[in-house]
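Each remark here refers to the structure printed beneath this line.
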Amino acid sequence: MTKPQVRITGVRETTRNLEWFRVNASDMKDVSQRIADEAARVVRRFIPVLTGALRASPRAGVRRGEAFVDVGQALPYAGPVAWGTERIEASNYPAKTDAVMEQRVPVLLEQGIEELIRKRNLG
């Protein structure tokens, strides 16, 4: 069973488009990291707690311009808790996180881009 991971889409494409304005990918890394950190906070709200290990496991990061959150990488039960089995009801925390972040990512991207525009005196 695959390990749950929340992928934040749209960041890489936005970074590519901003390169036209001489904003490079390294400028967007901070913005991408803020988005990944926000997703990690959000996913923690939806992870059920028994011992707390799974809720403590989300790790936010940015790789090749893509923001992501790994959940339960060292925990063999992370997948069954997320997706369910015949004996475990699915918590669907990845889908719940996606629903929240779908609304938050555009706002965070806009804030980050506005910050870059001010910093570079482009506007």
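Annotation: Leu50 fulfils all but one of (1) at pLDDT below 95; (2) aliphatic (A, V, I, L, M); (3) outside any loop (DSSP other than H, G, I, E, B); (4) over 29 Å from Glu13 (Cα atoms); the unmet one is (3).
The set of residues in region 80-123 being among the small types (Gly, Ala, Ser), touching a Pro at 6+ places or on another chain (Cβ under 6 Å) and assigned to a loop (DSSP other than H, G, I, E, B) consists of Ser91 alone. From the list Gly79, Gly84, the lone residue that is free of Cβ contacts under 8 Å to residues at least 12 places away in the same chain and over 18 Å from Glu13 (Cβ atoms) is Gly84. Residue by residue through region 37-61, note down the ones that are among the aliphatic types (A, V, I, L, M) and either crowded, with 22+ Cβ neighbours inside 10 Å or touching a residue at least 60 places away in the same chain (Cβ under 8 Å) (or both). Ala39, Val42, Val43, Ile47, Leu54 - these are the residues of region 37-61 that are among the aliphatic types (A, V, I, L, M) and either crowded, with 22+ Cβ neighbours inside 10 Å or touching a residue at least 60 places away in the same chain (Cβ under 8 Å) (or both).
The values are calculated or read from the model by the stated rules, or taken from the named source; none is laboratory data. Keep in mind the model is a prediction, meaning the values are calculated, not measured. Don't worry about glycine lacking a Cβ; one is built from the backbone with ideal geometry, like all the others, and counts go over all protein chains shown.
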